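A quick write-up on the structure given underneath.
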Amino acid sequence: MFIKGPTTVPEQIQLLKSRGLTIDDESLAFEYLSHVSYYRLGEYWYSLQFDKENHLFKPQSVFSDVIFLYEFDRELRMLLFDVIERIEISLRTKLIYHLSHEFGPWWFQNFDLFTDNRALVKTLANIEEEISRSKEKYIKDHFKKHKDDQRFPPSWKTLEQTSFGSLSKLYGNLKNTIKSKDLIAVELGAVNHTYLPSWLQSIAQIRNYCAHHSRLWNKNLPGSPKLLSKPPFNWVNDVPKQHEFQHLYIHLCLMKYLINIIYAENDFTARLSALLQKYPSVDPNALGMKPNWEEEKLWKN
């Protein structure tokens with residue numbers, strides 16, 4: 001049975017010091033541990049330990065390095081959340097526009113258009129929950145004006161309240177014979193429906209990490225996106241191998257590929273480069289970054 005009790009912040013500081021972590025500024029450590037939980041920070045000092053079972057730190061491990069990793073990761077999430085926002089809004093716009101013109105305003109409730117009915121039921125349940133929580137005036141006005149209409153509001157209202165995860169699931173679940181599915185893929189540089197669903201799935205997962213303040217640095221990511229052999233727009237020459245897909249870099253490349261199409265004047269490269277320069281002690285290999293990533297055509301704008 002679990003028998004450990006809670007510890008005070010001063011006790012946490014002494015515990016870290018007894019395990020070999022150098023803390024030069026205990027007031028700084030107290031401030032962070034008072035506002036950022038021990039176990040959240042623990043995700044960043046884990047890599048500094050040589051004995052993971054007994055939680056013993058490598059020589060020269062210092063608390064300030066832990067804070068650098070934490071602050072870098074926090075700013076990285078903020079940067080990616082900003083980039084993903086543009087991708088999400090573009091996907092939402094294209095789904096609403098193309099599928100509403102092809103199949104009408106309630107295409108997302110048409111089971112004939114989807115491959116997996118059970119998955120669609122789950123997605124619609126999530127959408128219903130999102131709609132029920134909405135405080136938007138146009139949603140409330142729609143239900144007030146159309147009391148006898150048991151359907152969702154039309155897609156241009158409903159999907160504006162829908163999460164990126166639900167949007168990506170709707171797109172991925174569309175039958176491959178749907179013209180709009182390929183059209184959206186073409187407009188986003190993915191050629192056809194084969195590739196885009198896996199891109200959206202991995203980006204949606206990263207968005208969830210960002211939204212829930214989860215660690216991205218040195219994280220093994222679950223997504224395994226399908227890559228085009230000859231993308232129609234600028235891509236990287238040094239393409240990560242399949243076993244490297246667990247690192248963030250390939251997912252950053254996909255975001256950059258999409259944002260270059262959606263918003264050509266983006267400053268993603270400059271902001272990512274500036275972030276890495278701001279925190280020089282952070283190992284870019286933990287993100288899977290290639291040595292000359294900034295020289296790739298994909299990143300040169």
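At a glance:
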read-out	value
Cut-off of 10 Å, at most 10 other beta carbons, DSSP loop: longest stretch of the chain lacking such GluC sites (Glu not before Pro)	54-264
Where Rh is the Kirkwood radius over Cα pairs, Rg/Rh for the chain	1.05
Percent carbon-and-sulfur accessible area, region 83-204, ignoring ligands, DNA and RNA, probe 1.4 Å	51 percent
Accessible surface, 1.4 Å probe, highest first, among residues Arg133, Arg207, Arg40	Arg133, Arg40, Arg207
Span-rule helices in the chain, defined as complete DSSP H runs reaching 18 Å or more along the axis (Cα) with Kyte mean at least 0.0	63-103, 196-211, 249-262
Accessible area per residue in Å² at 1.4 Å probe, computed on region 1-105	58 Å²
Simple Cβ-charge dipole of the chain, Lys/Arg +1 and Asp/Glu -1, about Cα centre, in debye nearest 20	940 debye
Relative packing of 219-231, 161-173, which averages over residues the other C-beta atoms within 10 Å, highest first	161-173, 219-231
Longest to shortest principal axis, alpha-carbon extents of region 29-82, angstrom	38, 22, 19
Lysines whose Cα lies under 18 Å from that of Lys137, excluding same-chain neighbours fewer than 8 positions away	Lys145, Lys147, Lys157
Accessible surface of region 210-301 [probe 1.4 Å, protein heavy atoms]: carbon and sulfur percent	48 percent
Top positive-direction residue, dipole computed over the chain with Cβ charges, set Asn110, Val121, Ser37	Asn110
Shape box of region 150-250 [Cα atoms, principal axes, largest first, Å]	50, 34, 20
Residue-span extension gain [Arg40 to Phe233] - 0.36 nm each, minus C-alpha spacing	65.6 nm
Percentage, to the nearest whole number, of Cα pairs in region 7-60 over 18 Å apart	25 percent
Hits among aspartates and glutamates - C-alpha to C-alpha of Lys181 under 14 Å, sequence gap 8 or more where chains match	Glu102
Cα-centred dipole magnitude for region 72-217, charges only on beta-carbon of K, R (+1) and D, E (-1), debye, nearest 20	260 debye
Of Lys241/Lys290; Lys219/Lys297; Lys175/Lys226; Lys17/Lys52; Lys135/Lys169; Lys94/Lys241, those spanning more than 21 Å from alpha-carbon to alpha-carbon	Lys219/Lys297; Lys135/Lys169; Lys94/Lys241
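The values are calculated or read from the model by the stated rules, or taken from the named source; none is laboratory data. Please read these numbers as outputs of a predicted model, since none were measured by experiment. Glycine gets a Cβ as well: all are built from the backbone with ideal geometry, and neighbour counts include every protein chain shown. Protein only, heavy atoms only, side chains kept; ligands, DNA and RNA dropped before computing areas. Shrake-Rupley method; radii C 1.70, N 1.55, O 1.52, S 1.80 Å.
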